[in-house]
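The values are calculated or read from the model by the stated rules, or taken from the named source; none is laboratory data. Since the model is a prediction, treat every value here as computed from it, not as a measurement. Positions of Cβ are generated from backbone atoms using ideal geometry, with glycine treated the same way; all protein chains shown enter the neighbour counts. Side chains are part of the model used for accessible areas, which takes the heavy atoms of the whole protein and leaves out ligands, DNA and RNA. Shrake-Rupley method; radii C 1.70, N 1.55, O 1.52, S 1.80 Å.
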Amino acid sequence: MKIFCVGRNYSEHAKELGNAVPENPVIFSKPDTALLKNGEPFYLPDFSNDVHHEVELVIKISKVGKKIQEQFAGNYFNEIGIGIDFTARDLQNSLKTKGLPWELAKGFDGSAPLGEFINVKELDLRKIHFSLKKNGGLVQSGNAEQMIFTFEKIISFVSQYFTLKVGDLIYTGTPAGVGRVEAGDKLEGFIEDKLMLTCEVK
Ligand code: ZN
């Protein structure tokens with residue numbers, strides 16, 4: 001399976017990192033070894049002193065497709081969950097400065113905790129509220145209505161380049177409020193008021 005991620009899909013987050021709002025989705029991928037499931041702990045890597053949490057809505061692809069038209073893209077997923085796109089921000093900034101790919105800063109082991117999923121029929125896709133608490137305090141809060149690119153646009157765009165398969169995941173970008181995590185932190189991800197993801201940092 002493949003894991004795709006969208007960068008800069010919330011304008012407030014693009015601004016907080018000093019990035020322009022993009023014309024097309026910014027896409028990168030993570031290997032399957034980045035996944036952390038069932039509340040597995042996250043071990044801070046030794047190559048970074050500034051790992052940031054990015055809470056994101058995650059689409060699970062339910063049907064094989066390529067070159068999917070936007071108007072049919074809704075037929076290619078039936079579950080949405082929540083995940084964290086851990087980012088070694090210091091390493092990412094140094095790679096960006098050199099014009100190098102972000103893989104090392106984004107795709108390392110354990111960089112993609114994944115929580116539970118909800119059937120899309122139970123959600124208003126345009127208005128999903130989600131949030132992240134760190135040690136019990138709210139640090140990130142977003143709503144799908146703030147996304148620059150919709151779920152359908154992202155699926156259509158990614159599938160122009162990559163065949164999507166059943167079980168592939170797309171992390172759809174983070175709202176403002178990203179920040180550093182430290183050993184001992186406990187992260188909790190919510191869709192509406194429902195706890196969907198727990199991750200302890202070690
Ligand atoms: Zn992200």
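Some notes on this structure:
- Verdict on V139 being farther than 14 Å from E54 by Cα and within 15 Å of the ligand (Cβ to nearest atom): no
- The residue that is nearest to the ligand (Cβ to nearest atom), among those in the stretch 40-93 that are assigned to a loop (DSSP other than H, G, I, E, B) and small (G, A, S), is S48.
- Any hit, the stretch 104-117, residues being within 16 Å of the ligand (Cβ to nearest atom) and open to solvent by 40 Å² or more (accessible area, probe 1.4 Å): yes
- Any chance F42 is surrounded by fewer than 17 Cβ atoms within 10 Å (Cβ to Cβ) and aromatic (F, W, Y): no
- Taking (1) open to solvent by 30 Å² or more (accessible area, probe 1.4 Å); (2) within 16 Å of the chain's Cα centre (by Cα); (3) of a type in the set (K, R) in turn, K30 satisfies each apart from (1).
- Qualifying residue in the stretch 40-58 (condition: over 24 Å from T198 (Cβ atoms), over 14 Å from the mean Cα position of the chain (by Cα) and of a type in the set (A, V, I, L, M)): no
- Filtered by the rule that a residue be part of a loop (DSSP other than H, G, I, E, B), crowded, with 20+ Cβ neighbours inside 10 Å and hydroxyl-bearing (S, T, Y), the stretch 147-202 gives T172, T174.
Yes/no matrix, rows are residues, columns are (1) closer than 24 Å to E152 by Cβ; (2) touching a residue at least 60 places away in the same chain (Cβ under 8 Å):
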residue: Y10; (1), (2): yes, yes
residue: A20; (1), (2): yes, no
residue: I27; (1), (2): yes, yes
residue: F42; (1), (2): no, yes
residue: D46; (1), (2): no, no
residue: V51; (1), (2): no, yes
residue: L57; (1), (2): yes, yes
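- Cβ-Cβ distances below 6 Å connect the following pairs, each with a first residue in the stretch 112-133 that is of a type in the set (V, I, T), a second residue that is open to solvent by 30 Å² or more (accessible area, probe 1.4 Å), and a separation of six or more residues or different chains: V120/N78.
- Being surrounded by fewer than 20 Cβ atoms within 10 Å (Cβ to Cβ) and at pLDDT below 95 holds for only one residue in E12, E79, and it is E12.
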